[in-house]
Each structure stands twice: as C-alpha cells, then as structure tokens.
1. Hey, can you find the accessible area per residue of the stretch 35-102 for me, probe 1.4 Å, expressed in square angstrom?
2. Got a sec to turn the phi values of the stretch 69-77 into Karplus ³J(HN,Hα) couplings, 6.51 cos²θ - 1.76 cosθ + 1.60 with θ = phi - 60°, whole Hz, x for Gly and Pro?
3. Taking 0.36 nm per intervening residue step and subtracting the Cα-Cα distance, what contour gain separates residue 72 from residue 139 on full extension?
4. With all protein chains present, calculate the accessible area of residue 37 using a 1.4 Å probe and round the result to the nearest 10 Å².
5. For the stretch 32-112, with all protein chains present and a 1.4 Å probe, just round the carbon and sulfur fraction of the accessible area to a whole percent.
6. Using a 1.4 angstrom probe and counting only protein chains, how large is the accessible area of residue 48 in Å², to 10?
7. Of 53/166; 53/206; 144/166, which pairs sit farther than 26 Å apart, going by alpha carbon to alpha carbon?
Amino acid sequence: MHYLLALILTISSFAATAHASDDACDNNTDCIEIGRWDIGIALGYGTKSNPLKDFDDIPLYAVPTIAYYGDRWFFDNGNIGYTVTEGENYTVNIVSTFSTDRAFFYRWDPSNIFLLSGNGVERSTGMSIMDTPAEPVIDSNELKNRNFTYLGGVEAFLYTRFGIVKASVTHDLFNVHNGTEAQLRWLYNIPLDSWNFEFAAVLDWKSEQVVDYYYGIRPSESPYWSEKYQAESALNQSIEFTGQYVLTENWNLLLVARYTDIADEIVDSPLLDTDYTTTYFVGAAYRF
C-alpha cells in the first residue's frame, strides 16, 4: 500500500494552488450536461495485461463512452444509478454495475469495452507453482464458465479541495456467486489550460465468494487444486493516471494508464501466473 500513500501525498501537495473546482469544466473533458446524452469514442492503441495463465492480453483499439445524467437517474458506461441525496460537498447514489473480474476470462466482457485504460506488459518468465512437475497443470480450455453478473448497492462521494473520495458497497444481483465487493477511491483532478490531469488511488475489496467463483477451482477442473487452493477475501490496490489535451471542442488527445497490485489471496490461485495487471491506452477521443 506504500505506493498508494506516496501518490496521495505527492498530488495533495498541489492542493493549495491547483485544487479541482468548477473551472475544470472549462476544458470540456469531464463535465456532462444534464438531460443530454454524452457519446464519444476513443481511437488508438492500448493493452490490458491478463494475469491468468495461458490467457492472452486484451488489445484496445476503439473504446466507446456512453453516458446520460438526468435530475436523478443516470447511465454511465454500463453503470445505472439513482441519486438519493446530494449537497454541495457530497452525493449518495443507489447504483448497479457489472463485475470486472470476468473480463480476464472473456475478451468481449463489458469491462473490456467500457475501459479507457491499459498497460500491456510481458508475462513473468520465472517459474511459478504451476510449473512444478509434482503438481498437476490446469488446462485453460477445460475451465467452466465464469458467468456475467450485475452488482447492486450504494455509493457515496465526498468532494473536498484535496480531491474526491468515493466509497461503495455492492452485492451480486443475479445470484451468480452471491458475493460482495467494496471500493474506496481517491481521485484528484488538475486542469492546466488545455491540459487536464487526473490521478486516482483505489482499494478494491472482494469477498470470499467472489474470489472463489472467479479464481477458485471446481472439482471437475482439477480435483487436486479444488482442495489445494482455498479462496479467501482479498484486497486489490490500484493507481491510475489520465491525461487529456484539448485540441478542439470535440477532439482530445488521451493517455490513460493503470497498475493493479493483485492480492496474495488471488495470486495463490493456480489460474494466475503474475501478481499484477497493467493497462494503457494512447489515442484521440471524439465527443459527439
């Protein structure tokens, strides 16, 4: 967690002179007009690295954005929500969103479509527990389905001069894994003329049911590993950066990067061969 603290302390040092405010809307990168659809597409190149053994990294070439905010209801890249209460410094929403873990198993999962970030890296070449001859190897082609599900719950935003803090708790709505996820996210925005820089630090907690469903081993997949690996709740840590340069009213240059340190409780699964995932995307974004 040390790099999360370092990021927060570094960016917070700018707060006295460059803290985010309503002026951030002037560069036309983040604000969405109430009552109108906001539709855009980013074209470029990027990669989302896949920590799963024998699974390909996920390429990013065209990434759409679709959002609509009414007085209360909103849709934002697959997230559907309703604002329960809001004030000058806070907002509380009821929200639903899709699970992100399934994205590693399926190329066209929604998390791989509505994702403006990425940083592809080569796989680890070191010997992992899966490489030891004394333990059986799992054939990725024999894995059972990890099904899509929607999560529903509550999220709260706190707006301060030192950034935006978001806290959310969601639960499986479709009884796929009956698990719970929680997130704590700190975001800081720095607008500088035609530039806009956004930094974020994220803690993602996943219950034992979530970890077991996606990264646990069914007896039909491997009787040995189904007993050997016992899933536990896990806490992933991420840092994110988004840089945008406004070219015209409709066009922006875009650079997005994310690094996620995967919890040991997930890395212990024989399905993984790296303990992190990175994403990046470089390109141009058009806003209709």
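The values are calculated or read from the model by the stated rules, or taken from the named source; none is laboratory data. Every value quoted in this text rests on a predicted model; they were computed, and no experiment measured them. The accessibility values were calculated without ligands, DNA or RNA, using every heavy atom of the protein model including side chains. Shrake-Rupley method; radii C 1.70, N 1.55, O 1.52, S 1.80 Å.
1. Numbers: 3420 Å² over 68 residues.
Normalised by residue count, the accessible surface of the stretch 35-102 is 50 Å².
2. Running phi through 6.51 cos²θ - 1.76 cosθ + 1.60 with θ = phi - 60° gives 10, x, 5, 10, 7, 8, 10, 9, 6 Hz.
3. Full extension of this stretch gives 19.4 nm more.
4. 150
5. With neighbouring chains kept in place, the figure for the stretch 32-112 is 57 percent.
6. Spelled out: residue 48, probe radius 1.4 Å, area about 20 Å².
7. As for pairs spanning more than 26 Å Cα to Cα, those are 53/166; 144/166.
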